[in-house]
Every structure is written in C-alpha cells, then in structure tokens.
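Let me begin by presenting the structure, written as structure tokens, before commenting on it.
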Amino acid sequence: MTKKVVVLPCSGIGKPTGEIGRQAAYTACRARPDGTGMACLGRLVIDDPEIISMVRDNFVITLDGCPDDCARKNVERFGKSVDSSIHVADLLERYPDLQPQGILKLGDDGRKLVKLLSEQIAAEIDKLIGEEG
C-alpha cells in the first residue's frame, strides 16, 4: 500500500487563519490529487472510524490557526504523530505587511497568504511523498 499525505486543517471558526489554512489545503491537495487527501477535523473529533483510519494509515500534515493546536492534538489523541505541523499564524508573522481583510472575504493580501501557505504545504507533501518513494 502506498501512503498518501492527509492534510488536516483546523476548523478556525471565526478566524482568518482558519480560512487561510482551509483554502491553502484545498489548493495544495488539488495540485497533487493522486498523492493527497483532506480530512475534516470535525469528523476526527467525533471519532469517525473512516477518518481515524485515514489518519493512522497515512502521512499527516496538520494546519493550526491558533496556539490551541486542535488539529495536531486530535491526531495525537489516536496515537499518531503528525509528520508535519504548520502554524498558520507563523505565516502572518513572517509577512506582517500582508493582512487578511476579513474572515470569509480575505481580500488581496489574504489570497497572497493562501498562495504562500499552499506552496509551503505542497513542499511538505513533496517531501513526504519522496520519503515514501
């Protein structure tokens, strides 16, 4: 069985970092459809067996929008160490001149942050897939 890379963004409800993380995850996974999958944090929280299996059997990249690290902690709850943990807020610190406009309408700066984060996720995906090959 060839492992895929599961990208698990936080829910980030009410926070631009959550929206940036989700959009970047979709972008990165769409660019590599054969080697990736996305998991819904809500389904992991309610102990959905399909998502638990997906997380346990594959590489996992978590995207957390705040210091609570809900995505990472929920993966670890099932005895799985994440293969890469990305904090979306770190991106905003690296690019202080880019500020998202709002939560759902990120604006030009927010879209730039999504692009930058999706490139970071894609690099992590390529690294993990390279380790498998």
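The values are calculated or read from the model by the stated rules, or taken from the named source; none is laboratory data. The model shown is predicted, which means the values in this text are computed figures rather than measured ones. Backbone-built Cβ (ideal geometry, glycine too); neighbour counts: all protein chains shown. Calculation scope for accessible area: heavy atoms of the full protein, side chains included, ligands and nucleic acids excluded. Shrake-Rupley method; radii C 1.70, N 1.55, O 1.52, S 1.80 Å.
The figures follow:
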quantity	calculated
Residues within the range 53-96 that are in contact with a helix residue (DSSP H, G or I) (Cβ under 7 Å, 6 or more places away or on another chain), not aromatic (Phe, Trp, Tyr) and not in a helix (DSSP H, G or I), tallied	13
Only listed residue being open to solvent by 70 Å² or more (accessible area, probe 1.4 Å) and aliphatic (A, V, I, L, M), chosen from Ile20, Ile46, Ile61, Ile51	Ile46
Counted residues, the range 97-133 - those being modelled with pLDDT of 95 or more, assigned to a loop (DSSP other than H, G, I, E, B) and more than 14 Å from Thr17 (Cβ to Cβ)	1
Matching residues in the range 87-119 - criterion: being farther than 22 Å from Cys29 by Cα and open to solvent by 40 Å² or more (accessible area, probe 1.4 Å)	Glu93, Arg94, Tyr95, Pro96, Asp97, Gln99, Gln101
Total residues in the range 23-43, condition open to solvent by 20 Å² or more (accessible area, probe 1.4 Å), hydrophobic (A, V, I, L, M, F, W, C) and within 14 Å of Gln120 (Cβ to Cβ)	1
Residue within the range 48-71 that is basic (Lys, Arg) and free of Cβ contacts under 8 Å to residues at least 12 places away in the same chain present	no
Sole residue being among the hydrophobic types (A, V, I, L, M, F, W, C), within 11 Å of the chain's Cα centre (by Cα), under 18 Å from Lys3 (Cα atoms) and surrounded by 15 or more Cβ atoms within 10 Å (Cβ to Cβ), chosen from Ala122, Ala71	Ala122
